[in-house]
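The values are calculated or read from the model by the stated rules, or taken from the named source; none is laboratory data. Since the model is a prediction, treat every value here as computed from it, not as a measurement. Heads up, the Cβs are rebuilt from the backbone with ideal geometry, glycines too, and the neighbour counts pull from every protein chain shown.
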Amino acid sequence: MTTTTAQSGLSRARQGIAPGGGGSGNRKSKLSAQTTRTFFWLLLPSVVLLVLIHGYPLIYAAVQATHDGNLLQTGNFIGGENFASVLTAPAFWKAAQFTLMFTIVGVFGSWLVGLGLALLLRTRIPAGGTFKVLLLLPWVVPIVVSSTAWNWLVATPDSLIPSLFRNLGLGTPLFLADPNLAAVTVMVFKVWVSFPFMMMMISAALASVDTTVYEAASMDGATRWQQFSQITLPLIARSTYISWILMTIFCVNDFPTIYLLTGGGPVSATTSLVVLAYRTVFQDFATGPGVAIAFLMTMTLVVISVILYRQIRKSSVE
Amino acid sequence: MSTKSSIASSPLSRRGFLGLTAAAASVPLLAACGGGSASQGSGGGAGGTIKFWDMPWATPAYNDAAKKLAEGFSGANSKASYQIIQWNNFYQTFSSAIASKTGPAVSTGGGFQAFQFEQQGQIAYADKVIDKLQSNGQFDDFLPGVLDPFKTDKGYVAVPWQLDMRVFWYRKSLFEKANVALPTDWPSLLEAGKALKKVGAFGFTTGAGSGNNYANHSMIMMMVNNGGGVFTKDGQLDLMNDRNVEAMEFVLELVSNGIVDPAAVSYTTDNMSAQWKDGKAGYGLFQVNVPQRVGDTSGDLLVADPITGPHGDKATIVFPNNIMMYNNTPSQESSEEFLVYYLGQLKELWRQKLMSALPVFKSITEIPEFASDPNNVKIVKDWQPIAKTFASQGNTLNANLAALDGGQALNQFSQTIITGKSDAKTALQTFQSALESVLKK
């Protein structure tokens with residue numbers, strides 16, 4: 001098979017065309033109107049279900065975001081007033097800023113830790129399987145349990161970690177009471193909870209990399225760093241981008257990690273957009289503005305996901 | 001009859017017949033989707049099952065006992081079912097159930113929930129229940145003033161069944177160790193706080209972490225204790241009054257003297273309980289039954305005397321938890337009958353020592369299981385008569401209080417004060433603005 005033939009075959013394979021097949025245009029023309037109708041009727045139940053499951057809440061949320069009602073009554077139509085009030089509120093931008101930091105640290109922090117551990121576990125270390133299972137625990141343990149455990153580790157001046165700092169002569173840091181330290185603590189907690197997910201994603205990607213590639217690179221004189229940066233990272237790029245997309249969504253939408261540990265405080269220092277949306281709807285009973293915040297978050301996530309998805313396609317082509 | 005014969009005689013195509021059959025078949029399906037709406041009806045007198053929704057007010061043993069009480073109801077034409085609703089997103093749970101006509105006929109719930117649903121036309125007024133309580137003698141058994149907050153121009157929005165009281169507690173051994181007298185007024189509270197600090201304890205224990213409203217309650221309590229409050233007598237926002245400013249300046253003085261734990265801003269209620277248990281909390285505002293809650297029943301944790309503000313005011317705050325009835329009921333008469341029955345059974349919950357709140361009936365405060373605890377007796381005798389609601393300086397509760405209690409505005413304000421991040425006037429001004437924007441919506 002020549003290179004051209006092989007590329008052509010790959011291209012056809014990507015398009016899902018069987019050998020000897022004539023391509024979608026050809027196939028389409030073969031479909032009779034009756035078959036199209038059959039396909040339509042077969043698809044209809046699934047489409048209706050999807051619209052009901054995803055479309056209805058979205059439409060209802062859109063209605064709430066443009067009205068001045070509450071959870072029980074829709075209220076009067078007020079157009080974009082809720083969006084305007086949200087976008088001009090300093091609390092929204094403060095929460096957006098924290099969400100951005102939280103997401104950046106959460107995504108890349110957990111990715112770096114996960115990558116490091118995945119590479120470490122790839123080497124032959126004693127009881128590697130056991131370590132793998134133990135390292136999954138932060139992801140597996142319910143967030144209510146882990147946040148309670150972290151709370152007891154850091155909450156009061158006499159908790160374990162502040163006591164440790166005090167005994168080391170480093171003062172008594174108030175991990176959840178100081179606004180800056182609370183933000184750092186929440187982010188570290190997020191990384192701790194999330195790195196096993198990244199580790200598993202990267203481990204799976206690494207498992208599919210042919211080890212002979214490294215042997216060949218070694219023989220060509222490539223250093224460890226060159227092997228990592230020129231072979232490993234490009235080969236796991238697809239998985240990396242997918243994990244980044246997923247973790248970005250997880251971080252932006254992460255309510256329990258923040259709410260259970262700090263409740264968004266002290267003095268809003270750890271209030272993310274999702275916490276702000278929750279508190280606006282369920283504590284201030286301002287449904288419209290709260291749903292407007294959620295809408296803005298969704299739109300932002302869609303944009304980020306599209307950008308990262310393009311990166312995936314790019315890395316696939318490369 | 002005439003309709004039937006006209007259909008029978010009319011010409012009907014095969015497609016038309018199939019369409020009608022499909023429409024007929026869809027009716028039961030749609031009815032099924034309607035859930036309880038069909039069974040609930042809308043207030044007739046047919047009887048049926050009264051759906052009673054209750055919250056986890058205490059340990060699971062409480063809900064077991066309450067279920068038994070509710071299901072023991074046997075009305076003239078009705079019985080009752082019992083369901084526990086978790087606190088998590090409870091308002092959404094109630095709202096969506098009420099909107100879909102699958103909600104309860106009678107329920108407990110958030111302290112101001114009845115007023116929120118009353119505003120939306122979903123509440124059945126309890127005036128007839130009050131009449132029945134008057135005729136059966138229970139009306140006179142209410143502790144003084146507990147019914148008044150529920151009386152509106154249109155009628156009684158709900159009926160109280162327990163009082164979530166905020167009172168000052170102290171650890172006796174820490175006061176002895178610090179060799180200081182119990183506070184009786186604000187200057188002596190400051191002095192006691194300073195003395196307790198010297199023995200490693202805090203003289204104004206509170207918390208504002210996730211889900212903890214005690215700092216919020218402490219702030220409002222101090223305002224009320226100084227003759228102030230969030231609202232005027234006629235219900236207008238009035239945070240900037242001189243008494244409130246003075247009260248917050250005093251709390252800031254406590255903060256600057258290290259009398260408030262610097263980590264309190266992040267304390268959950270569990271963290272606060274641990275501070276009490278570990279002997280770090282010397283004095284502070286808490287609920288009823290603190291020894292049981294924190295796990296120290298040695299007798300060292302005691303209810304303190306109410307303190308007097310600088311202008312001679314003496315007050316605390318109370319949340320009168322209540323039972324409400326909804327318009328969507330199989331029978332309004334049965335709802336009322338159930339509520340009267342249930343109020344008559346409440347004694348059993350205190351008899352079994354399941355409650356962490358004061359009863360609303362004098363007769364329950366006199367049962368040995370309640371009165372044998374001197375802390376309970378002191379709260380009933382000294383604190384209940386001076387207790388005011390969140391509506392202070394006003395009296396009647398309203399829907400806006402739900403956004404105040406546990407809302408972001410008060411939470412931010414309390415956290416700002418107990419971290420000493422602002423002066424009193426600025427903090428109150430920010431609080432007022434935040435509250436105004438919420439109450440508008």
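Here B:GLN83, B:GLN116, B:GLN92 are screened, and the one residue that is closer than 22 Å to B:GLN352 by Cα, of a type outside the set (Val, Ile, Thr) and either outside any loop (DSSP other than H, G, I, E, B) or more than 14 Å from chain A (Cβ to nearest Cβ) (or both) is B:GLN83. For the stretch B:388-416, the set of residues classified as within 10 Å of another protein chain (Cβ to nearest Cβ), of a type in the set (A, V, I, L, M, F, W, C) and part of a helix (DSSP H, G or I) consists of B:ALA402, B:ALA403, B:LEU404, B:ALA409, B:LEU410, B:PHE413, listed by residue number. Elements of the type helices (runs of 4 or more DSSP H) sitting completely within the stretch A:8-114 and holding at least 3 residues that are more than 14 Å from chain B (Cβ to nearest Cβ) and modelled with pLDDT of 95 or more: these cover A:90-104.
Condition first: among the hydroxyl-bearing types (Ser, Thr, Tyr) and free of Cβ contacts under 8 Å to residues at least 60 places away in the same chain. Now tell me which residues in the stretch A:118-167 satisfy that.
Result: A:THR123, A:THR130, A:SER146, A:THR156, A:SER159, A:SER163.
Tell me yes or no: at least one residue of the stretch A:255-269 is part of a helix (DSSP H, G or I), within 14 Å of chain B (Cβ to nearest Cβ), free of Cβ contacts under 8 Å to residues at least 60 places away in the same chain and more than 15 Å from the chain's Cα centre (by Cα). Please lay out each step first, then the result.
Pass one, the stretch A:255-269, residues part of a helix (DSSP H, G or I): A:256-261.
From what's left, within 14 Å of chain B (Cβ to nearest Cβ): A:256-261.
Adding the requirement that they be free of Cβ contacts under 8 Å to residues at least 60 places away in the same chain leaves A:259.
This time we only want the ones that are more than 15 Å from the chain's Cα centre (by Cα), so: A:259.
Looking for residues that are part of a helix (DSSP H, G or I), within 14 Å of chain B (Cβ to nearest Cβ), free of Cβ contacts under 8 Å to residues at least 60 places away in the same chain and more than 15 Å from the chain's Cα centre (by Cα), one finds at least one in the stretch A:255-269, hence yes.
Among the criteria (1) free of Cβ contacts under 8 Å to residues at least 60 places away in the same chain; (2) in a strand (DSSP E or B), the one B:PHE319 does not fulfil is (1). Listed by first and then second residue, the pairs linking a residue in the stretch B:171-182 that is closer than 14 Å to B:GLY200 by Cβ and of a type in the set (D, E, K, R) to a residue that is at pLDDT 95 or above and part of a loop (DSSP other than H, G, I, E, B), with Cβ atoms under 6 Å apart and 6 or more places separating them unless they lie on different chains, are B:ARG171/B:GLY282; B:ARG171/B:ASP300; B:LYS177/B:VAL199. Given the condition in contact with an Asp or Glu (Cβ under 9 Å, 6 or more places away or on another chain) and either within 30 Å of B:ASN411 (Cα to Cα) or assigned to a helix (DSSP H, G or I) (or both), answer yes or no: does some residue in the stretch A:224-234 qualify? Yes, the conditions are met somewhere in the stretch A:224-234. Selection of the stretch A:263-300 for residues being of a type in the set (S, T, N, Q) and at pLDDT 95 or above yields A:THR270, A:THR271, A:SER272.
Do you know which of the residues in the stretch B:134-179 that are of a type in the set (Val, Ile, Thr) and either in contact with an Asp or Glu (Cβ under 7 Å, 6 or more places away or on another chain) or part of a strand (DSSP E or B) (or both) is nearest to B:LEU346 (Cα to Cα)?
B:VAL159
Mind telling me which of the residues A:GLY75, A:GLY106 ends up being among the small types (Gly, Ala, Ser) and in contact with a strand residue (DSSP E or B) (Cβ under 6 Å, 6 or more places away or on another chain)? Exactly one residue qualifies, and that residue is A:GLY75. Contact map, the stretch B:201-229: first residue within 12 Å of another protein chain (Cβ to nearest Cβ) and within 22 Å of B:ALA263 (Cβ to Cβ), second residue part of a helix (DSSP H, G or I) and of a type in the set (S, T, N, Q), Cβ cut-off under 6 Å, separation 6 or more or different chains; pairs are B:ALA208/B:SER414; B:ALA208/B:GLN415; B:GLY209/B:SER266; B:ASN212/B:THR269; B:ALA215/B:SER414; B:ASN216/B:SER414. For B:GLY72, the requirement of being at pLDDT below 85, on the phi < 0 side of the Ramachandran plot and exposed (fewer than 15 other Cβ atoms within 10 Å of the Cβ) is not met. When the stretch B:417-441 is filtered for residues that are assigned to a loop (DSSP other than H, G, I, E, B), facing chain A (nearest Cβ under 9 Å) and out of contact with any helix residue (DSSP H, G or I) (no Cβ under 6 Å at 6 or more places or on another chain), the ones remaining, listed by number, are B:LYS421, B:LYS441.
Yes/no per residue for (1) modelled with pLDDT of 95 or more; (2) within 21 Å of B:ILE130 (Cβ to Cβ); (3) surrounded by fewer than 23 Cβ atoms within 10 Å (Cβ to Cβ):
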| residue | (1), (2), (3) |
| --- | --- |
| B:GLN275 | yes, no, no |
| B:ALA281 | yes, no, no |
| B:ASP305 | yes, no, yes |
| B:ASP313 | yes, no, yes |
| B:ILE323 | yes, yes, no |
| B:LEU346 | yes, yes, yes |
| B:TRP350 | yes, no, yes |
| B:LYS353 | no, no, yes |
| B:SER356 | no, no, yes |
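The single condition among (1) more than 17 Å from the chain's Cα centre (by Cα); (2) surrounded by fewer than 23 Cβ atoms within 10 Å (Cβ to Cβ) that B:LEU147 does not satisfy is (1).
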